[in-house]
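K.L.:
Here it is, the structure in full.
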Amino acid sequence: MILDPQIAKTNLTRIARELGFDDCRVSRAREATHAEAYKNWISDGCAGDMAWLERNIDRRVNPTEVVPGACSVISLALNYFPGHEDPDGDYRIARYAWNEDYHDIIEAKLKDLNSALEDMGGVQRFYTDTGPVLERDFATDSGLGWSGKSCVQIHKEMGTWFFLAELITTLDLPPDQPFGDHCGKCTRCMVACPTDAITEPHRVDARRCISYLTIEYLGPIPLEFRKQIGDRIYGCDTCLDVCPWNRFAKISRETKFHARQSVFQNRLRDFLELDDESFRIMFAKSPIKRIKRNRFLRNVCVALGNVGTKKDLPALTRAAGDEDALISEHAAWAVSEIKARTEA
Ligand code: B12
Ligand code: SF4
Ligand code: SF4
């Protein structure tokens with residue numbers, strides 16, 4: 001059955017709302033507006049070790065290479081905002097990772113939306129985060145929001161605290177109009193970034209970004225960034241926290257994004273007691289499980305080196321003997337940082 005395009009779009013937005021998405025907009029399936037900016041970002045090495053971003057560039061910048069005959073890109077937003085207040089704890093975790101992994105939650109919704117579009121005669125591929133799509137570029141084209149100077153996509157009601165997802169479809173849906181850039185003269189995110197990772201408006205050098213260094217990067221954290229990481233043990237929200245558009249943010253209806261008590265009841269040094277098994281249990285269904293025990297404890301040691309006290313030294317000294325070299329080196333670094341601070 002092929003429906004009238006306007007009726008198909010009305011059905012789409014209704015079903016997207018029923019599935020719990022907070023916004024749903026449409027743009028044309030064609031080469032991304034900022035395809036060149038993406039290619040330059042890659043060739044300048046800004047992706048660091050994320051080699052997967054360098055593969056299939058032609059597909060990533062053009063949805064018609066992903067779905068032959070694609071006409072439209074449907075951009076979806078899901079609010080994850082768990083609140084302004086940081087939960088208890090002598091550390092910070094990026095808000096998107098306070099509880100369950102969004103990939104699983106969103107993919108279930110995308111499957112249902114895909115079935116509904118199939119019933120309307122469409123052929124689709126759907127993605128959230130991991131697919132070959134420049135998600136923020138197409139969201140901007142659809143008027144869902146705009147790419148701020150921090151690169152983060154901003155929605156006029158949700159601010160920055162939402163995930164993106166999309167379906168590339170053969171259905172010819174009437175496109176929405178772009179909303180335009182509303183950063184104005186503001187540069188708060190650029191000024192606040194602890195590592196100067198926003199090297200120019202609309203460009204983040206991932207190699208300097210704390211989100212990359214604490215999540216994606218596999219090796220030892222370069223010494224030049226350890227102090228700036230402060231008390232962050234997974235991801236970084238600083239360029240989002242300072243964005244004035246977040247004053248309109250409302251708490252997510254999805255309780256699976258609200259802070260997980262069994263994680264936040266711990267102090268930093270408690271995490272050093274985790275073995276592989278207890279790490280897996282504590283972070284079951286959480287995005288944090290992806291970085292495994294060794295990268296997580298690496299990050300915990302960096303934070304302890306920055307904010308820890310003498311009371312943390314016994315646990316850190318034990319961790320300095322860990323058989324994993326990544327953990328032992330960072331624990332030894334933390335011990336020397338705390339001693340230098342407290343014995344000076
Ligand atoms: C790789 C990646 C990262 C990398 C690199 C980030 C970066 N800024 O490039 C790292 C690990 C650092 C990272 C960090 C984060 N990420 Co990330 N990440 C991605 C991923 C997989 C690809 C992004 C990418 O292609 N980067 C390369 C650059 C060149 O592209 P871009 O940043 O998207 O920029 C586009 C626009 O800014 C635009 N543009 C470029 N120049 C210009 C100029 C003008 C004038 C304009 C208007 C636009 C414009 O074109 C660019 C290319 O399309 C996307 C998912 C996806 N498939 O798109 C998630 C994604 C962007 N990440 C997401 C999140 C939540 C985060 C963090 C907030 C997590 C955290 N709290 O720690 C941080 C935010 C850091 C930041 N300031 O961007 C969300 C963002 C949601 C939103 N509201 O924007 C996404 C969309 C995942 C999702 N499905 O929800 N991420
Ligand atoms: S996530 Fe943190 S380190 Fe990365 S660009 Fe934003 S403020 Fe800078
Ligand atoms: S902090 Fe200011 S410049 Fe940065 S994204 Fe938000 S509005 Fe734009």
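K.L.:
Would you confirm whether or not the stretch 194-211 contains a residue that is small (Gly, Ala, Ser) and in a helix (DSSP H, G or I)? Break it down stepwise before answering.
P.N.:
Start the filter on the stretch 194-211 by keeping residues that are small (Gly, Ala, Ser), which leaves 197, 206, 211.
Next cut, in a helix (DSSP H, G or I) only: 206, 211.
For the stretch 194-211, residues small (Gly, Ala, Ser) and in a helix (DSSP H, G or I): present.
K.L.:
Based on what the data block shows, is residue 70 within 12 Å of ligand 1 (Cβ to nearest atom) and either of a type in the set (Gly, Ala, Ser) or surrounded by fewer than 17 Cβ atoms within 10 Å (Cβ to Cβ) (or both)?
P.N.:
Values: within 12 Å of ligand 1 (Cβ to nearest atom): no; either of a type in the set (Gly, Ala, Ser) or surrounded by fewer than 17 Cβ atoms within 10 Å (Cβ to Cβ) (or both): yes.
Here the answer is no, as residue 70 does not meet what is asked.
K.L.:
Same structure again: Restricting to the stretch 152-165, give me the number of residues that are surrounded by fewer than 24 Cβ atoms within 10 Å (Cβ to Cβ), in a loop (DSSP other than H, G, I, E, B) and away from ligand 2 (no atom under 16 Å from the Cβ).
P.N.:
Selection size over the stretch 152-165: 2.
K.L.:
Only one of these is under 19 Å from the mean Cα position of the chain (by Cα) and either open to solvent by less than 60 Å² (accessible area, probe 1.4 Å) or farther than 20 Å from residue 305 by Cα (or both): 225, 248, 264, 257. Name it. Spell out how you get there, then give the answer.
P.N.:
Details: 225 fails: under 19 Å from the mean Cα position of the chain (by Cα); 248 fails: under 19 Å from the mean Cα position of the chain (by Cα); 264 fails: under 19 Å from the mean Cα position of the chain (by Cα).
Every option except 257 fails the conditions.
K.L.:
Just to be sure before I move on: is residue 290 surrounded by fewer than 16 Cβ atoms within 10 Å (Cβ to Cβ), within 16 Å of ligand 1 (Cβ to nearest atom) and among the charged types (D, E, K, R) in the structure I sent? Give the derivation first.
P.N.:
Numbers: surrounded by fewer than 16 Cβ atoms within 10 Å (Cβ to Cβ): yes; within 16 Å of ligand 1 (Cβ to nearest atom): yes; among the charged types (D, E, K, R): yes.
Taking the combined requirement at face value, the residue satisfies it.
K.L.:
Quickly run through the stretch 166-196 and pick out the residues that are open to solvent by less than 40 Å² (accessible area, probe 1.4 Å), under 30 Å from residue 30 (Cα atoms) and within 14 Å of ligand 1 (Cβ to nearest atom).
P.N.:
Selection gives 166, 167, 168, 180, 183.
K.L.:
Quick check on this structure: which one of 53, 76 is of a type in the set (A, V, I, L, M) and crowded, with 22+ Cβ neighbours inside 10 Å? Spell out how you get there, then give the answer.
P.N.:
Values: 53 fails: crowded, with 22+ Cβ neighbours inside 10 Å.
Exactly one of 53, 76 is of a type in the set (A, V, I, L, M) and crowded, with 22+ Cβ neighbours inside 10 Å, namely 76.
K.L.:
Considering only residues of the stretch 270-306 that are over 16 Å from residue 328 (Cβ atoms) and either in the same structural domain as residue 104 (by TED's automatic domain parsing) or among the basic types (Lys, Arg) (or both), which is farthest from the chain's Cα centre (by Cα)?
P.N.:
The residue in question is 280.
K.L.:
Filter the stretch 86-103 for residues that are of a type in the set (D, E, K, R), in contact (Cβ under 8 Å) with a residue 24 or more places away in the chain and open to solvent by 30 Å² or more (accessible area, probe 1.4 Å) and give the result. Quick ask: steps written out before the conclusion?
P.N.:
The initial filter retains those residues of the stretch 86-103 that are of a type in the set (D, E, K, R), namely 86, 88, 90, 92, 95, 100-101.
Still in the running and in contact (Cβ under 8 Å) with a residue 24 or more places away in the chain: 88, 90, 92, 95, 100-101.
Listed by number, the residues that qualify are 88, 90, 92, 100.
The values are calculated or read from the model by the stated rules, or taken from the named source; none is laboratory data. In this text, all values refer to a predicted model and were calculated from it rather than measured experimentally. Cβ: placed from backbone, ideal geometry, glycine included. Neighbour counts: every protein chain shown. Each accessible area value is taken on the protein alone, full model and side chains, heavy atoms only, with ligands, DNA and RNA left out. Shrake-Rupley method; radii C 1.70, N 1.55, O 1.52, S 1.80 Å.
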